[in-house]
Each structure stands twice: as C-alpha cells, then as structure tokens.
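The values are calculated or read from the model by the stated rules, or taken from the named source; none is laboratory data. No experiment lies behind these values; they were computed from the predicted model shown. In this analysis, Cβ positions are derived from the backbone assuming ideal geometry, glycine residues included, and neighbour counts consider all displayed protein chains.
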Amino acid sequence: MHTGKGVLVLRGGRRIPVVYRFGSNWGDTREGFLDCDTSEVDAGVLLDRLTVICDDGTSVVIAVTHSSDRYLAVIGRLGGP
C-alpha cells in the first residue's frame, strides 16, 4: 500500500487536502481511497476528471467510483495537467 498526503484539485482550481491510500500500483494505474472532507463540495463536481497531486510531486488523474463526506474511492492513472 502506498500512502501519503496531497491535494485533490477540483474543476476551477479548488484544492482539498487529502490523505491517500493507494492499494494498487500496477504500472501507471492506481486505485484506492482519498480521506478528505467533501461535505461542502457539490457532488456533481466529483463526476469530472480530477487530479491528485501527491506529496512527492506525482500527479494522478482520477475518477471517483464511490463518495461520502469523509472519503472517496478512486481509480486513476499517473500523469495529468
């Protein structure tokens, strides 16, 4: 498991601090969970292509597969804007 801190970049540039837990890192793909507070985020924003910028500078373009106010289940691929 690959864990650390980073930020989730939403459409429009809003940044939300996250703790990420990626359980898979097969090649350039990732899957896992983002622990973050999304209670004040419109759920529609989570349907967009989003980017996580990890504390080591790695960026992961993600899609949300499940959401709650406290965590997001995600899949993704390295790279992005």
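Does the stretch 23-81 hold any residues that are out of contact with any Asp or Glu (no Cβ under 8 Å at 6 or more places or on another chain) and basic (Lys, Arg), and which are they?
ARG30, ARG49
Filter the stretch 8-30 for residues that are touching a strand residue (DSSP E or B) at 6+ places or on another chain (Cβ under 7 Å), surrounded by fewer than 17 Cβ atoms within 10 Å (Cβ to Cβ) and not small (Gly, Ala, Ser) and give the result.
ARG15, PRO17, VAL19, ARG21, ASN25, ASP28, THR29
So, in the stretch 11-66, of the ones that are in a loop (DSSP other than H, G, I, E, B) and within 14 Å of ARG77 (Cα to Cα), which residue ends up modelled with the lowest pLDDT?
Once the filter is applied, the top-ranked residue is ASN25.
Being among the basic types (Lys, Arg) and surrounded by 14 or more Cβ atoms within 10 Å (Cβ to Cβ), is that true of even one residue in the stretch 66-76?
no
Exactly one condition in (1) out of contact with any Gly (no Cβ under 6 Å at 6 or more places or on another chain); (2) surrounded by 12 or more Cβ atoms within 10 Å (Cβ to Cβ) is not met by ASP42; state its number.
Among (1) out of contact with any Gly (no Cβ under 6 Å at 6 or more places or on another chain); (2) surrounded by 12 or more Cβ atoms within 10 Å (Cβ to Cβ), the lone unmet condition for ASP42 is (2).
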